[in-house]
1. From the set of residues in segment 85-105 that are modelled with pLDDT of 85 or more and open to solvent by less than 30 Å² (accessible area, probe 1.4 Å), which is nearest to the chain's Cα centre (by Cα)?
2. Quick one: residue 154 ticks every box in (1) closer than 17 Å to residue 84 by Cα; (2) open to solvent by 60 Å² or more (accessible area, probe 1.4 Å); (3) out of contact with any helix residue (DSSP H, G or I) (no Cβ under 6 Å at 6 or more places or on another chain) except a single one, so which number is it?
3. Every residue in segment 63-84 that is open to solvent by less than 30 Å² (accessible area, probe 1.4 Å) and under 18 Å from residue 178 (Cβ atoms), please.
4. Which ones in segment 48-83 are out of contact with any helix residue (DSSP H, G or I) (no Cβ under 6 Å at 6 or more places or on another chain) and either among the charged types (D, E, K, R) or within 25 Å of residue 156 (Cα to Cα) (or both)?
5. Take the residues in segment 108-131 that are surrounded by fewer than 17 Cβ atoms within 10 Å (Cβ to Cβ) and in contact (Cβ under 8 Å) with a residue 12 or more places away in the chain, then tell me which one is farthest from residue 149 (Cα to Cα).
6. Being open to solvent by 60 Å² or more (accessible area, probe 1.4 Å) and at pLDDT 75 or above is the requirement here; does residue 33 meet it?
7. Is one or more of the residues making up segment 52-61 farther than 27 Å from residue 82 by Cα and at pLDDT 70 or above?
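The values are calculated or read from the model by the stated rules, or taken from the named source; none is laboratory data. This is a predicted model, so every value here is computed, not measured. All Cβ positions, even for glycine, are placed from backbone atoms using ideal geometry, and neighbour counts span all protein chains on display. For the accessible areas, the whole protein counts, side chains as well, though only heavy atoms, and no ligand, DNA or RNA atoms are used. Shrake-Rupley method; radii C 1.70, N 1.55, O 1.52, S 1.80 Å.
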Amino acid sequence: MSAQLADVLGQLSQTVRQLPPESTQQAVGYPSLFLLVALGALVPVVPTGAVVSSAAVVALHQTTPFSLLFVFVVASAAAFAGDVSLYWLGRRGVRSRNGSRWLAALRRRAAPDRLAQAQRGLDEHGVTVLVLSRLVPAGRVPVMLACLLARMPLRRFVKGDVPACLAWAATYGLIGILGGALFAEPWQGVVAAVALTVAVSGGPALWRRVRPARGSDGQHP
């Protein structure tokens, strides 16, 4: 696993070393950022946090004013568009007698214990739980499924999802700024930002896997 991550980071550094001029980066970068983040919200396989952090690093080293602001606006808008689209598709499945493949996909990706926790959080805190769900690794899908099963109206979901997407984009943008500020070269900052993003998003899941194993090793008959 560590060797594969090292290979990916090495390839990424070689790619970022050859960045095109700023005008080309902006013409291609912002639409690509929007598409990748929106796609990652619909199909949670794209590491959207790493995408936003990398875009923030590149923007930090640009001379164009408001580049970081543009990254924040594009990322949050794309995340919002993807979330609302997925929720709308999921609502169609809830109302349909046969369901839908989108609703079925959400059910497969939400572990029963995480779904139960999300339902309790929704009952206690309402739509504000969406903000935390966006920031907690693998927390978005269980909360969205809990909202669907509670038959939350789309308008109410939108009300809670706006601050959630803004907080998410700001968090990963700050990770990118931190990585970019530590190094003089953009490619070094991108590698650092991706590593930080992987640690933030993958660390809790790894800890949950390691903790039961340690607990079982420590048990005595």
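1. 86
2. Failing condition for residue 154: (2).
3. 67, 71, 75
4. Correct list: 73, 77.
5. So the first thing to find is which residues in segment 108-131 are surrounded by fewer than 17 Cβ atoms within 10 Å (Cβ to Cβ), and the list is 108-109, 111-113, 116-117, 120, 123-126, 128.
This time we only want the ones that are in contact (Cβ under 8 Å) with a residue 12 or more places away in the chain, so: 109, 111, 117, 126, 128.
Numbers: 109: 15, 111: 15, 117: 14, 126: 14, 128: 17 Å.
Step by step, filter segment 108-131, then rank; the result is 128.
6. Values: open to solvent by 60 Å² or more (accessible area, probe 1.4 Å): no; at pLDDT 75 or above: yes.
Considered against the rule, which asks whether it is open to solvent by 60 Å² or more (accessible area, probe 1.4 Å) and at pLDDT 75 or above, residue 33 comes out as no.
7. Of all residues in segment 52-61, those farther than 27 Å from residue 82 by Cα come to 61.
Filter again for at pLDDT 70 or above, leaving 61.
There is at least one residue in segment 52-61 that is farther than 27 Å from residue 82 by Cα and at pLDDT 70 or above.
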